[in-house]
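Visitor: Pasting a structure here, questions to come.
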Amino acid sequence: MEDFQKNLEIEEMKEELKKVMKKVLTEEEFKVICFRYGLFGNEPKTYREISEKMGWKSRQVAHQKEKKAMKKLIHTVRKNKKLKDFVR
């Protein structure tokens, strides 16, 4: 029963993270983060793989979008106590 409760909490936090990500990131930034870190059913991908998937000529574009998205997420997560504890 304890494992069930823990799994339920983890799933709730994943959904909360997804909701926050969709709220603060552009669609492209959201996709880059999901692809890069293997979130929400995706396999982790390299910058080159992400760029190919998104139709960009350079892997640098994926890196720049990830960097911008992470700044937004870090700022947002710092304000959200539940997520702050979850991502530690």
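Visitor: State the label only: which of (1) 3, 15, 26, 27, 13, 5, 4, 3, 3, 1, 0; (2) 3, 14, 22, 22, 17, 11, 7, 3, 1, 0; (3) 3, 15, 28, 30, 15, 5, 2, 1, 0 corresponds to P(r) over Cα pairs in 5 Å bins from 0, in percent computed from the shown model?
Guide: Working out P(r) over Cα pairs in 5 Å bins from 0, in percent from the coordinates points to (2).
Visitor: Compute the relative contact order of the range 2-87 as a whole-number percentage, counting only Cα pairs closer than 8 Å that sit 6 or more residues apart in sequence.
Guide: 27 percent.
Visitor: Same structure, new question: Mean residue ellipticity at 222 nm from the helices of the chain, using -39,500 (n - 2.57) per DSSP H segment of n ≥ 4 over the full residue count, to the nearest 500 deg cm²/dmol?
Guide: One gets -25500 deg cm²/dmol as the mean residue ellipticity at 222 nm.
Visitor: Springs between alpha-carbon atoms under 10 Å, Gaussian network over the chain: tell me which of LYS19, LYS65, LYS45 tops the mean-square fluctuations.
Guide: Evaluated over the chain, the most mobile residue of the options is LYS19.
Visitor: Which pairs in the list LYS53/LYS79; LYS19/LYS57; LYS19/LYS68 are over 23 Å apart, alpha-carbon to alpha-carbon?
Guide: Cα-Cα > 23 Å for LYS53/LYS79; LYS19/LYS57; rest within.
Every number here is computed from the coordinates shown, using simple stated rules; none is lab data. Just so you know, these numbers come straight off a predicted model, no measurement behind them.
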